[in-house]
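These notes concern the structure reproduced below.
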Amino acid sequence: MRVGPKGVNIATSRLSPAAVGRGFHLSMAWLVTFLFILPVYIAFSNTFKTQAQILDGPLELPAPFTTDNVTDAWNRSDRLVQDGLINSVLITVITVSIIIPLASAVSLYLHQSRPALRRILTAILALGLMVPPQVSLQPIVLLLQEIHLNNSRTGLILANIGGGYLSFATFVYMGFISSIPRDILDAARVDGASDLRIWWKILLPLLRPATATVAIFVGLWSWNDFLNPLFIIGPLDGVTITTGIYITLGGFSVDFAHLFGVMFIAAVIPIIGYLATQREFISGLMKGATE
Amino acid sequence: MAWLAVALYVAFLLFPVGHALFLSLTDRRMLFNEYDFIGLDNYRALPGDSRLVASLQFSLTVVVSVTLASNVLGIAFAVLLNRPTPAFRLMRTLVFIPQVLSGVIVGFMWQTILAPNGILNVTLVDLGLVDQPVNWLGDSTLATIAICFVVSWTTIAFTTVIYSAGLQAIPTELYEAAKIDGANRIQAFTRITFPMLASALTISVTLSLIITLKLYDVIVVLTGGGPANSTRSTAFHLVWVAFEQGRAGQASAVAMLLLAITAVVAYLTTSLLRRREVRL
């Protein structure tokens, strides 16, 4: 195989073995990728077919094309989709916008505290990433009953903010804060700026990439969360789009066309969000994971 | 501001864990406020609880097979997709999609495929590969395999991304030097690629373990724990004892067991794998 230093093959009139090898590699990679996301393709393409088309040729492209499944899902008489989307948007937006100031403030505090104290507090925060949500769920429900916030969106939002998401967000911010030169914060302090001012005027603007990571992941997780909304809000007092699908369509569903229509509406927002922010997404995943 | 965060964290994480420990020593039931201390009785009842023992066996199966599959295949995918061209970047983007979907959507998606009248059976019958539709989710063994398969599908999505980032951090000079020394592809992989992926391996093994230990959503939607309770994870069992049976005390003992298992597994894997990173 005649290959140049950077894998550039020496061109010949016929296809060189290296080019054939590369073509083979590319087609293998596409084949594996396609097989891997085949379930996503099935769900996506079948959203735009009738039930009969789905059962006739589940793998075929949607021709003729119909948007009935999506509009039927949207126009359900129980308003599953509308109510679920409203609740999901509210819960997600409020959770994210409260967790951002809280976690960045905690990380500033940890950054300025003595190393021994910081180690202890970091270990306590790490607990939040490890504890399975099922372990703390029942005591949380009992606590919320005690303060009469059970079966409410407020209770769910409080549980979201105080749980593992806070640990994750704080660790993301800590990773970024340690890369900010200490001099900047010290100079501000010498100038007599208060902690609150330093946090708001200097730190938050500098931490914008970390905020993007936190918003993306905490947003995705609270949007997709199933366990907490199912038991904290409860089936009778409102659903998110995620629990709503389960409660209304649970068990074996025979009407695939309708199921695909509802699933499409629920999944399209996180997928578009991911595709739009994928650069931050992947780098955020790496940063979050290395903490 | 930081204090508000601390208060919420104490109220909704530390206190609940402590409260679960306290409840595990009582006979508290969900709908009654009165309870008595019964010492370690809830813990003594654990080994005799056949559903719990079955759930531990099921969880062990899932945790081991999913962690193995998602890391072996994650490395394989990452190596396959590790080219700097836009086409490969697009493929790496697509492969992550299962991680973006909620467990509920994943469960329903695979239900439309694996149900008795589902897409897999329709296709297999059309192709003449089977005479009768196979009841993938109606048989204990097949359902267990299906759960492992579906969960691996979601975890492979993130292990691939983590290993891809690990691969991109390997200096190409190492491979050029190896080529000059006459190393073949397999030697390059075992001597350079795999050791250089050590920290990526630590991250993705630990994450796969923690994620599968709390497995819940996919099971609820795909099998509901059946058939014949054969696909109930320990986390699923815990929620069932707590909210279906309403036995808060007993559930808390299960919760403490699950927490202890998670803590030990997380501690052992990170310390073992970190030590391995240092050695390499």
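Readers should treat all values here as calculations from the given coordinates under stated rules, not as data from a laboratory. Model, not experiment: these values are computed from the prediction. Reconstructed Cβ throughout: ideal geometry from the backbone, glycine too, with neighbour counts over all protein chains shown.
Tabulated values for the structure
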item	result
Dipole magnitude of region A:74-290, debye to nearest 20 (Cβ charges: Lys/Arg +1, Asp/Glu -1, about Cα centre)	620 debye
Shielding by partners, peptide A:28-40 (average Cβ within 10 angstrom, other chains)	6
Sum of -39500 (n - 2.57) over DSSP H runs of 4+, divided by residues of chain A (222 nm, nearest 500)	-22000 deg cm²/dmol
Table column - 3J(HN,Hα) (Hz), region A:128-135, Karplus curve with 6.51, -1.76, 1.60, x for Gly and Pro	x, 7, 9, 4, x, x, 5, 5
Relative contact order of chain B, pairs being alpha-carbon contacts under 8 Å that are 6 or more residues apart, as %	31 percent
Per-selection metrics, the protein assembly as shown (Cα): Rg and Dmax in Å	25.2, 88
Per-residue mean of C-beta atoms belonging to partner chains within 10 Å, peptide B:108-121	5
Distance cut-off 32 Å, percentage of C-alpha pairs in chain B lying past it	41 percent
Protection proxy ranking of B:169-179, A:97-107 - average other beta-carbon atoms within 10 Å, highest first	A:97-107, B:169-179
Dipole axis of chain A (+1 Lys, Arg; -1 Asp, Glu on Cβ), positive-most option in A:Asn46, A:Thr277, A:Ile180	A:Ile180
Calculated [θ] (222 nm, deg cm²/dmol) that DSSP helices of n ≥ 4 give over chain B, each run adding -39,500 (n - 2.57)	-21000 deg cm²/dmol
Whole-number percent relative contact order across region B:43-133, with pairs defined as alpha carbons under 8 Å at least 6 apart	9 percent
Unit charges on C-beta of K, R, D, E only; dipole of the protein assembly as shown, Debye	2060 debye
Separation between Cα centres of region B:38-68 and region B:189-228, rounded to whole Å	19 Å
Test item: A:99-105 mean partner chain Cβ contacts at 10 Å	4
Neighbourhood charge, 12 Å Cβ-Cβ cut-off, centred on B:Ser164 and excluding it, Lys, Arg +1 and Asp, Glu -1	+3
Reduced Cα scattering model of region A:74-290, Debye log10 I(q)/I(0), q = 0.13 Å⁻¹	-0.83
Placed amide H near B:Thr26: partners under 5 Å, 5+ positions off or other chain	B:Ile38
Burial order of peptide ranges A:191-198, B:252-259, A:227-234 (average beta-carbon count within 10 Å, highest first)	B:252-259, A:227-234, A:191-198
Simple Cβ-charge dipole of chain B, Lys/Arg +1 and Asp/Glu -1, about Cα centre, in debye nearest 20	740 debye
Residue among A:Gly162, A:Ala63, A:Leu230 farthest towards the positive dipole end of chain A, charges placed on Cβ	A:Gly162
